[in-house]
Amino acid sequence: MIEVHWQEQIEADVPAEDDWLGASEVTFLGGLRFAKRRADWRLGRWTAKRALAIWLGVPSHPEVLAKIEIRPAPSGAPEVFVANKPGPVTVSISHRGGRAACAVAPSDIEMGCDLEFIEPHTDAFISDYFTLQEQALVTEAPATDRPRLLALLWSAKESALKALHKGLRLDTRSVVVRPVEDSFGLNGWSPLQVHYTDGQVFHGWGQQADGIVRTLVAAPPPHPPIRLDDSGLRSGHGRPQRVEDWRLA
């Protein structure tokens, strides 16, 4: 199983200046017309760069963060460049309601993460976006638990579609979420699986806290996500190359 790290930030954490952005990122930001889109994009990039700085073991100084760029691949998926070289890492970014998350793992894996608020949804939403199997799960659940379950199912779908590098260009019913019953995770994370119509299976984790559902899926299967903090907490697996090799310090 692979080791995945997790970082979250809120809008208040993001600096007012843009000196922590790389040149291509500043150009991209300048092309965003709407204030909310700009704010969400900056929050996502800040969260990812904070996570990557800890993961790489470098200081979160603006001049260092500016050398860590997250650029969109042709599919739209985020790709990391360190000092203009492809970084030794895979990331997935999600933001919702002024909060962003970034999952970080070694390169060459398929991974997606997502944040969702627990909130009510209409019957039309359920019938339009969920498979019959998933609709049956919701119907069988106690009424008080349905908003949480719907948030989990939707979030896991979003995570899987990101891992496939397709996003919502794919029909959400092409991926089927299956919570793993009678299994235990770690730090509040519970296991789940997502089955794609081509036979591919993603393994992952879901967590509920403070009205928010978090999900992560990956192939190969991941361990429960480990929170990153400023102490640089890591257990040693999949460590990146020495920071000197990337000429960031």
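The values are calculated or read from the model by the stated rules, or taken from the named source; none is laboratory data. All values reported here derive from a predicted model rather than from experimental measurement. Cβ coordinates were reconstructed from backbone atoms using ideal geometry, including for glycine residues, and neighbour counts include every protein chain displayed. Areas reflect the complete protein model, heavy atoms only, side chains present, ligands, DNA and RNA absent. Shrake-Rupley method; radii C 1.70, N 1.55, O 1.52, S 1.80 Å.
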Every residue in segment 96-113 that is under 16 Å from Gly211 (Cβ atoms) and open to solvent by 30 Å² or more (accessible area, probe 1.4 Å), please. Arg96, Gly97, Arg99
Cβ-Cβ under 6 Å pairs, at least 6 apart or on other chains, segment 139-163 side open to solvent by 40 Å² or more (accessible area, probe 1.4 Å), far side part of a helix (DSSP H, G or I): Arg146/Val138
Within segment 171-186, identify whether any single residue is surrounded by fewer than 17 Cβ atoms within 10 Å (Cβ to Cβ), closer than 28 Å to Pro72 by Cβ and free of Cβ contacts under 8 Å to residues at least 12 places away in the same chain, and answer yes or no. yes
Inspect segment 45-59 for any residue being surrounded by fewer than 18 Cβ atoms within 10 Å (Cβ to Cβ) and of a type outside the set (Lys, Arg) and give the result as yes or no. yes
Would you say Asp40 is touching a residue at least 24 places away in the same chain (Cβ under 8 Å), out of contact with any Leu (no Cβ under 7 Å at 6 or more places or on another chain), assigned to a loop (DSSP other than H, G, I, E, B) and acidic (Asp, Glu)? no
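Let's see how each residue does on (1) in a strand (DSSP E or B); (2) within 17 Å of the chain's Cα centre (by Cα):
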| position | (1), (2) |
| --- | --- |
| His165 | no, yes |
| Arg178 | yes, no |
| Leu192 | yes, yes |
| Phe202 | yes, yes |
| Trp205 | yes, yes |
| Gln208 | yes, yes |
Yes or no: segment 166-180 includes at least one residue that is in contact with a Cys (Cβ under 8 Å, 6 or more places away or on another chain), under 16 Å from Glu110 (Cβ atoms) and not aromatic (Phe, Trp, Tyr). no
Elements of type strands (runs of 3 or more DSSP E) contained in segment 51-130, each with 2 or more residues being within 22 Å of Gly206 (Cβ to Cβ), modelled with pLDDT of 95 or more and out of contact with any His (no Cβ under 6 Å at 6 or more places or on another chain): 89-96, 99-106, 110-117
Sole exception among (1) in contact with a helix residue (DSSP H, G or I) (Cβ under 9 Å, 6 or more places away or on another chain); (2) farther than 14 Å from Ala105 by Cα; (3) open to solvent by less than 20 Å² (accessible area, probe 1.4 Å) for Glu17, by number: (3)
